[in-house]
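A.B. asks: I have a structure I would like to understand better, so I am pasting it below and will then ask my questions one at a time.
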Amino acid sequence: MIMNISENAFDGLLQLLSLNISHNQLAGLTPDVFNTLVSLRTLDLSYNHLNSLDNGTHSIFGPLLSMETLNLSHNHISIIKDRSFPYSPWIPNKLRHLDLSYNTIPILTSNFDNGLTKLNRLSLKGNIINEIHQKMLGNLTELEYLDLSRNDLRKIAKGVLQPWPKNLKALDLSVNKIKSLFFDDLNSYSTLIKLNLSSNRLSSINEELIERIKQNLTLYFNGNNSY
């Protein structure tokens with residue numbers, strides 16, 4: 001089991017494309033540990049004990065501007081800060097798949113979208129999310145799949161799902177405690193073809209939602225109870 005990684009552990013690996021350090025006991029990462037991995041496309045840090053994504057001044061993933069897939073699931077991450085992910089004003093973002101499932105994130109803020117403009121899939125399943133700030137989706141314009149299942153959400157308030165990602169096809173809100181759900185304008189969600197609201201506390205279905213079901217939306221509503 002790896003507990004620490006020295007700062008120069010990856011020196012000379014300029015052409016490395018994939019790195020798997022999952023299922024270890026990493027609680028933190030040495031500042032600048034990934035500085036030489038400029039070609040890395042896939043990084044798996046799942047099943048560790050990580051609780052922070054920065055080194056005090058900037059993101060530990062800052063140099064990984066070629067990264068397309070990042071797996072941080074099953075850690076102890078609780079805070080997403082500004083520029084937690086690779087970002088450069090001169091180089092286009094390439095991160096497409098981000099897995100933050102089964103961490104301890106309680107709140108999603110508007111800082112969440114920095115460095116994620118090209119993200120296609122985002123999983124936040126199995127956290128303790130109980131609040132989503134307005135405009136959290138912000139610049140996630142390429143997002144197609146968003147998983148917020150198995151959290152502690154009690155409502156989706158007005159403005160939370162705006163601006164709507166123009167390509168979003170699937171939204172999973174199952175196994176929460178949602179009693180109220182506000183869609184600003186269902187007509188603007190024309191790309192959505194799958195919505196999972198199962199195992200919540202909803203007692204009725206929005207009329208506009210029924211109209212969308214008649215078109216091309218698949219809705220999962222089983223296991224809801226108004227208690």
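The values are calculated or read from the model by the stated rules, or taken from the named source; none is laboratory data. Keep in mind the model is a prediction, meaning the values are calculated, not measured. Note: ideal-geometry Cβ built from the backbone for every residue, glycine included; neighbour counts use all protein chains shown.
A.B. asks: Looking only at the stretch 164-190, how many residues end up being at pLDDT 90 or above and part of a loop (DSSP other than H, G, I, E, B)?
C.D. replies: 10
A.B. asks: So residue 221 ticks every box in (1) surrounded by 15 or more Cβ atoms within 10 Å (Cβ to Cβ); (2) touching a strand residue (DSSP E or B) at 6+ places or on another chain (Cβ under 8 Å); (3) more than 30 Å from residue 66 (Cβ to Cβ) but one. Which box is left unticked?
C.D. replies: If we test residue 221 against (1) surrounded by 15 or more Cβ atoms within 10 Å (Cβ to Cβ); (2) touching a strand residue (DSSP E or B) at 6+ places or on another chain (Cβ under 8 Å); (3) more than 30 Å from residue 66 (Cβ to Cβ), just (2) comes out false.
A.B. asks: Any chance you could count how many residues in the stretch 4-40 are surrounded by 14 or more Cβ atoms within 10 Å (Cβ to Cβ), among the polar types (S, T, N, Q) and within 15 Å of residue 63 (Cβ to Cβ)?
C.D. replies: Qualifying residue count for the region: 4.
A.B. asks: Looking at residue 205 and the list (1) free of Cβ contacts under 8 Å to residues at least 24 places away in the same chain; (2) part of a strand (DSSP E or B), which single condition is not satisfied?
C.D. replies: With (1) free of Cβ contacts under 8 Å to residues at least 24 places away in the same chain; (2) part of a strand (DSSP E or B) applied to residue 205, the lone miss is (2).
A.B. asks: When you go through 151, 127 one by one, which is the residue that is surrounded by 20 or more Cβ atoms within 10 Å (Cβ to Cβ), out of contact with any helix residue (DSSP H, G or I) (no Cβ under 7 Å at 6 or more places or on another chain), within 24 Å of residue 43 (Cα to Cα) and modelled with pLDDT of 95 or more?
C.D. replies: Details: 151 fails: within 24 Å of residue 43 (Cα to Cα).
Among 151, 127, only 127 is surrounded by 20 or more Cβ atoms within 10 Å (Cβ to Cβ), out of contact with any helix residue (DSSP H, G or I) (no Cβ under 7 Å at 6 or more places or on another chain), within 24 Å of residue 43 (Cα to Cα) and modelled with pLDDT of 95 or more.
A.B. asks: Mind listing whichever residues of the stretch 29-45 are under 14 Å from residue 18 (Cα atoms) and assigned to a loop (DSSP other than H, G, I, E, B)?
C.D. replies: Once the filter is applied, which keeps residues that are under 14 Å from residue 18 (Cα atoms) and assigned to a loop (DSSP other than H, G, I, E, B), the stretch 29-45 yields 34, 36, 37, 38, 39, 40, 41, 45.
A.B. asks: Could you give every pair whose Cβ atoms fall below 7 Å, whose first residue belongs to the stretch 5-28 and is among the polar types (S, T, N, Q) and in a loop (DSSP other than H, G, I, E, B), and whose second residue is modelled with pLDDT of 95 or more and surrounded by 13 or more Cβ atoms within 10 Å (Cβ to Cβ), counting only separations of at least 6 or pairs across chains?
C.D. replies: 15/39; 22/44; 22/45; 22/46; 22/47; 24/48; 25/48; 25/49
A.B. asks: Out of the stretch 191-217, which residues are touching a strand residue (DSSP E or B) at 6+ places or on another chain (Cβ under 8 Å), surrounded by fewer than 16 Cβ atoms within 10 Å (Cβ to Cβ) and either of a type in the set (Ser, Thr, Tyr) or at pLDDT below 90 (or both)?
C.D. replies: 205, 206, 213
A.B. asks: Separate question: Just the residues that are among the small types (Gly, Ala, Ser) and within 16 Å of residue 85 (Cα to Cα), please, taken from the stretch 102-149.
C.D. replies: Result: 110, 115, 123, 138.
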